[in-house]
Amino acid sequence: MPRTISTCSFGSAPLIPEPLLRQHKCFIPGDTRFRAAARLRQSLWREEQGLPAGLHRPRGNRILPHLPLGSTLQPADAARGLNFLSPSVNAFVRRSLVLREEGAMVHYERLHRNLLSSEPLTYNLFVPLALNLDLATSTLRQLLPAFVHQVTGIRFETSPGRHNARYLADGTAFDAALSIITPDGEPATVFIEVKYSEGCTGPAATHRSRYDEASRQAALHHDPDSSALRSTMLEQFWRLHLLAQLAVRHSVTPRAHLLVLYPQLNRRVRSATRLYAAELSDPTGSSPAVTGFSALTLETFVAALAQAGGGAEAVYLHHRYLNLQPVLDLVLAEPTTPDRDPPPAGTPLLLPPPSSAATSAEAVAAPIVPSPNDKAGPSRRQRQRPTATTTAPSSGATARQPVRRLKGEAAVPAPRTSARSPAPRQTQEVR
């Protein structure tokens, strides 16, 4: 396998100093550690292509002036299809948008201009397979050998029944769906959900009683009424899995499997998919009546694509989306940052010293601000928080106080980084 698509040699995304992000027009308050690194990677890729940065309004506020954002394209470059792997992929996307399903939610700006979005990534992953079903078959056989014998077709932004009361009646849809033949010779469907920089922290879809009813009918989970399934971190996987199972129930497809793809270094999605799998009574879908669930890394997908003969596509995908070595090299080339400088993006925020009357305090939330135009849909972000303690004198006694966020909690931002203001929790329907 070419060295350019080898597995990442470091275990976490690089921490990037704020001045470096600002230098490359990539500083977005609220970016997770991985998202900050992925955003900078997209900006560096854009610079490699000799393309100028696009513009955005901070936090989507129409009152604020447009500012450059390194992870976006200018409208003219977006119109040329430069967010896509090749002219043939761009032509396929144009055709698919013209022929898209009724009610399909397509965000033109995000799809064409946002380099960080998982929407164009989905097309860059699967259009080469849609144009070459032999390549698709060889790739998917490696990924799901017990389920896929042959791929016969691929469609995008698809749902068996948007706003249909027999399904979820909420517009939930899959990024892609692969029509296949199983090793037993039976037609089936692999439904696809692609993640890139998302963190599984919302906004979540507005809860409906139909979800509860469908969850009990599907019988996919140890406890169909579990509060964990309804959490911001897991609710989208829950809805998608229910939708896939309903497609089987209503004979849209005889069998189904839900496959989630995500970057190896996106630890939040990795944790969320593992937690969701633990809720399932039969994650492999050993019975034909049960829709299975798998979560694989994009690195695994790209390696399978290369092995199947899609070497050029695999090199592009790895270089643009997965290779963070250029980001790490850029960070290491910077002079040492003094302690008084702003903390790197993604670093947990420290509490100010406790008052003399305080004994112990819990962390309070600093909201995660969704990045402009990124695929946020009903996605789902939940911070994983390390813990640490510090001691400070308090009325002659020593008080231990958490200074980093605990799971389910958040920290009071230090004064230097408190420009973000709390935003109300949003709810919306997801594609």
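The values are calculated or read from the model by the stated rules, or taken from the named source; none is laboratory data. Only a predicted model underlies this, so the values are computations on that prediction, with no experimental measurement involved. Glycine also receives a Cβ, built like all others from the backbone with ideal geometry; neighbour counts cover every protein chain displayed. Surface accessibility is based on the protein's heavy atoms, side chains included, excluding ligands, DNA and RNA. Shrake-Rupley method; radii C 1.70, N 1.55, O 1.52, S 1.80 Å.
Could you work out the relative contact order of region 176-286? I mean the mean sequence separation of Cα pairs under 8 Å and 6+ apart, divided by the number of residues, in percent.
35 percent
Can you say what percent of the DSSP beta bridges in region 134-279, counting only those with both residues inside, are antiparallel? Round to 5.
70 percent
Taking H as built 1.01 Å from N, whose amide H comes closer than 5 Å to the amide H of H56, not counting residues under 5 places away?
L67, L69
Provide the per-residue ³J(HN,Hα) series for region 310-319, in order, calculated from phi with Karplus coefficients 6.51, -1.76, 1.60 and θ = phi - 60°, each as a whole number of Hz, with x at glycine and proline positions.
x, x, 5, 5, 5, 5, 4, 4, 5, 5
Might you tell me the accessible area per residue for region 2-118, computed with a 1.4 Å probe and given in Å²?
49 Å²
Suppose the chain between I181 and S286 were pulled fully straight at 0.36 nm per residue; how much longer would it get relative to their current alpha carbon spacing?
Gain on extension, I181 to S286, equals 36.2 nm.
Per-residue HN-Hα couplings for region 106-114, Karplus 6.51 cos²θ - 1.76 cosθ + 1.60 at θ = phi - 60°, whole Hz, x for Gly and Pro?
Along region 106-114, the couplings run 10, 9, 4, 4, 5, 5, 9, 10, 8 Hz.
Where the convex hull is taken over the Cα atoms of region 112-270, what is its projected area averaged over directions, in nm²?
Its average projected convex-hull area is 9.8 nm².
Where a ≥ b ≥ c are the square roots of the eigenvalues of the C-alpha gyration tensor, would you call region 236-343 rounded, which needs a/c under 1.5, or, failing that, prolate if a/b is larger than b/c, or oblate?
Here region 236-343 falls in the oblate category.
Leaving out ligands, DNA and RNA, what percent of the accessible area of region 104-148 is carbon and sulfur, probe 1.4 Å?
Carbon and sulfur atoms account for 54 percent of the accessible area of region 104-148.
Residue-wise, which Karplus ³J(HN,Hα) couplings in Hz belong to region 210-225, taking 6.51 cos²θ - 1.76 cosθ + 1.60, θ = phi - 60°, and x for glycine or proline?
Running phi through 6.51 cos²θ - 1.76 cosθ + 1.60 with θ = phi - 60° gives 4, 4, 4, 5, 5, 5, 6, 5, 5, 6, 8, 10, 4, 9, x, 9 Hz.
Enumerate the residues in region 251-275 having an amide nitrogen under 20 Å from the point lying 7 Å beyond the Cα of R208 toward its Cβ.
Correct set: 251-253.
Which percent of the accessible heavy-atom area of region 202-285 goes to carbon and sulfur, probe 1.4 angstrom?
47 percent
Taking amide H atoms as placed 1.01 Å from N in the peptide plane, list the residues 5 or more away in sequence, or in a different chain, whose amide H sits under 5 Å from that of N164.
The answer is A169, D170, G171.
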